[in-house]
Ligand SMILES: [Zn+2]
């Protein structure tokens, strides 16, 4: 899930709400948040048990998926994942860096 650049710029200056934190979860897990947004993200998590639980659930899911071996998957699923990976790489190639990120 990606946050559009305008929203990212806006959240750089104020407290985040749950919806925004959920939208930033993937970027957080990938270490792609800028310093200021990351501070606000972490401040929200420290005060919001629901978002902290959601992040813990995402981390558990990522860890579980990482244990799946290629040969565990049916061929159709492997093909679909390859298509999604190509799309993701293409999107990342054109995506601007996060606000506040250092090059
Ligand atoms: Zn929250």
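No value in this document is a laboratory result; all are computed from the given coordinates. Bear in mind the structure is a predicted one, so any value in this text is a computation, not a measurement. Neighbour counts run over all protein chains shown; Cβ positions are idealised from the backbone, glycine included.
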Checklist entry - Each label point is 7 Å from the Cα along the Cα-to-Cβ direction; what then is the distance between the points at residue 49 and residue 90, in nm? => result 4.4
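What ranking do 94, 83 get, fewest neighbouring Cβ atoms within 10 angstrom at the top?
Working: 94 6, 83 9.
Listed from fewest to most nearby Cβ atoms, that is 94, 83.
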Item to check | Cα gyration tensor shape for the stretch 5-94, rounded if a/c is under 1.5, else prolate or oblate | outcome: oblate
Next on the checklist: For the ranges 44-50, 64-70, 15-21, what's the packing order if you count other beta-carbon atoms within 10 Å of each residue, average per peptide, and put the highest first?
Outcome noted: 15-21, 44-50, 64-70
Next on the checklist: Using alpha carbons only, how many angstrom separate the centre of the stretch 44-98 from the centre of the stretch 22-41?
Outcome noted: 15
Next on the checklist: At R0 = 22 Å, how high is the FRET efficiency between residue 58 and residue 82 if r is their beta carbon distance? Nearest 0.05 is fine.
Outcome noted: 0.45
